[in-house]
Amino acid sequence: MPNSSSVSGFLLLAFTDTRELQLLHFGLFLGIYLAALLGNGLILTAVACNHRLHNPMYFFLLNLALLDLGCISTTLPKAMANVLWDSRAISYQGCAAQVFFFLFFISAEYSVLTVMSYDRYVAICKPLHYGSLVGSRACAQMAAAAWGSGFLNAVLHTATTFSLPLCQGNAVDQFFCEIPQILKLSCSDTYLKEVWALVFSVCLAFGCFVFIVLSYVQIFRAVLRMPSEQGRHKAFSTCLPHLAVVSLFISTIIFAHLKPPSISTPSLDLVVAVLYVVVPPAVNPVIYSMRNQDLKDTLKKMILVVIFT
């Protein structure tokens, strides 16, 4: 019976066996990947170059853009390479690295989104204390905690998952290395080793979710009490993009991992995985730039400078 030490690589799920459709998938993923690189790259450049955007909200947005770039770059380039070369192979070390970095980036992104909800809560509900509660030192500490929690979560799950003996072959039913799919290859009596890492993740995810919900309950109560319609509009314009990104992030992950087994098929799992792995990093820059006038103005100036130089 083979175990993890005898497995030198894995076989990822192929999108299709038809060459024409493979090339179509490659072109589609390449377009999405380039859009994600461009959108998040523009946000990084805009925040870094415009001193008007050097405040906590845009500092966390910069962190979010970095994490989005890391997340999509962990999975999509390998999937595109496999499609282009009509291959399914990924090495054991490459699979472990993919699991680690994907978990690291996606866990840290969830934590950053939680911190961003706290930033919006303080800005709207405690504006007089904003400078003291969300100063530069506090921002750095919260960002470090978000990245650190993602790193710890990734280390726990990667170390636990790849210490399990694999008894069911090496074919992964997903287009990237994903822990639930790798666990299906392990022996049935080894799942208990994953419990402690899973408990940590559940507690972290649930705690962040409750914090985000409570923050927005307080935010909406404060906004609805504002006497000025202009003030309410300004408050909503800074909160709605973040709320849309959080909703997209959480809803796709929940549907991907908590959908009923009765409707779970390899094709549906593949589509849902694309939705939560590929779509959010490409869409997030669009969501944030649509209602943020300062960011839109900065991006327009940058584009004009590029065009006329």
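Among 113, 128, which is free of Cβ contacts under 8 Å to residues at least 12 places away in the same chain and not charged (D, E, K, R)? Give the steps one after another, and end with the answer.
On the way: 113 fails: free of Cβ contacts under 8 Å to residues at least 12 places away in the same chain.
Sole residue among the options that is free of Cβ contacts under 8 Å to residues at least 12 places away in the same chain and not charged (D, E, K, R): 128.
If residue 83 satisfies every condition in (1) under 24 Å from residue 201 (Cα atoms); (2) surrounded by 21 or more Cβ atoms within 10 Å (Cβ to Cβ) but one, which is the exception?
Of (1) under 24 Å from residue 201 (Cα atoms); (2) surrounded by 21 or more Cβ atoms within 10 Å (Cβ to Cβ), only one is false for residue 83: (1).
Please pick out the residue among 45, 75, 114 that is within 22 Å of residue 300 (Cα to Cα), assigned to a helix (DSSP H, G or I) and hydroxyl-bearing (Ser, Thr, Tyr).
Exactly one residue qualifies, and that residue is 45.
Could you check residue 147 against (1) surrounded by fewer than 16 Cβ atoms within 10 Å (Cβ to Cβ); (2) at pLDDT 90 or above and say which number it fails?
Single failed check for residue 147: (1).
Please go through (1) modelled with pLDDT of 85 or more; (2) of a type outside the set (Lys, Arg); (3) surrounded by fewer than 18 Cβ atoms within 10 Å (Cβ to Cβ) for residue 212 and return the number of the only condition it doesn't satisfy.
(3)
Considering only segment 1-50, state which residues are among the hydroxyl-bearing types (Ser, Thr, Tyr), at pLDDT below 85 and open to solvent by 40 Å² or more (accessible area, probe 1.4 Å).
Pass one, segment 1-50, residues among the hydroxyl-bearing types (Ser, Thr, Tyr): 4-6, 8, 16, 18, 33, 45.
Right, trim to at pLDDT below 85 and you get 4-6, 8, 16, 18.
Those that are among the hydroxyl-bearing types (Ser, Thr, Tyr), at pLDDT below 85 and open to solvent by 40 Å² or more (accessible area, probe 1.4 Å): 5, 6, 8, 18.
Restricting attention to segment 114-121, does a residue exist that is more than 30 Å from residue 19 (Cα to Cα) and either open to solvent by 30 Å² or more (accessible area, probe 1.4 Å) or modelled with pLDDT under 90 (or both)? Outline the logic, then answer.
Taking segment 114-121 first, the residues more than 30 Å from residue 19 (Cα to Cα) are 114-121.
Checking which are either open to solvent by 30 Å² or more (accessible area, probe 1.4 Å) or modelled with pLDDT under 90 (or both) leaves us with 118, 121.
Yes - at least one qualifying residue is present in segment 114-121.
Just wondering, is there one or more residues in segment 51-72 that are in a helix (DSSP H, G or I), within 16 Å of residue 283 (Cβ to Cβ) and open to solvent by 30 Å² or more (accessible area, probe 1.4 Å)?
Yes, some residue in segment 51-72 is in a helix (DSSP H, G or I), within 16 Å of residue 283 (Cβ to Cβ) and open to solvent by 30 Å² or more (accessible area, probe 1.4 Å).
Restricting attention to segment 121-135, does a residue exist that is under 22 Å from the mean Cα position of the chain (by Cα) and over 18 Å from residue 215 (Cα atoms)?
no
Within segment 166-189, can one find any residue that is over 29 Å from residue 87 (Cβ atoms) and modelled with pLDDT under 85? Spell out the reasoning first.
Initially, segment 166-189 is screened for residues over 29 Å from residue 87 (Cβ atoms), giving 188-189.
Checking which are modelled with pLDDT under 85 leaves us with 188-189.
Yes - at least one qualifying residue is present in segment 166-189.
Looking only at segment 120-176, count every residue that is assigned to a helix (DSSP H, G or I) and in contact with a Pro (Cβ under 6 Å, 6 or more places away or on another chain) and tell me the total.
Our first condition is that a residue be assigned to a helix (DSSP H, G or I); within segment 120-176, this holds for 120-125, 127-133, 136-161.
Of the ones still in play, those that are also in contact with a Pro (Cβ under 6 Å, 6 or more places away or on another chain) are 139.
Going through segment 120-176 one residue at a time, the tally reaches 1.
Out of segment 296-309, which residues are open to solvent by 30 Å² or more (accessible area, probe 1.4 Å) and in a helix (DSSP H, G or I)?
296, 297, 300, 301, 302, 303, 304, 305, 306, 307
Kindly indicate whether residue 299 is within 30 Å of residue 158 (Cα to Cα), in contact with a Ser or Thr (Cβ under 7 Å, 6 or more places away or on another chain) and touching a residue at least 60 places away in the same chain (Cβ under 8 Å).
Numbers: within 30 Å of residue 158 (Cα to Cα): no; in contact with a Ser or Thr (Cβ under 7 Å, 6 or more places away or on another chain): yes; touching a residue at least 60 places away in the same chain (Cβ under 8 Å): yes.
It is false that residue 299 is within 30 Å of residue 158 (Cα to Cα), in contact with a Ser or Thr (Cβ under 7 Å, 6 or more places away or on another chain) and touching a residue at least 60 places away in the same chain (Cβ under 8 Å).
The values are calculated or read from the model by the stated rules, or taken from the named source; none is laboratory data. The structure presented is a predicted model; accordingly, all values stated were derived computationally and were not measured. Cβ: placed from backbone, ideal geometry, glycine included. Neighbour counts: every protein chain shown. Quick note on the areas: whole protein, heavy atoms, side chains included, nothing else; ligands and nucleic acids left out. Shrake-Rupley method; radii C 1.70, N 1.55, O 1.52, S 1.80 Å.
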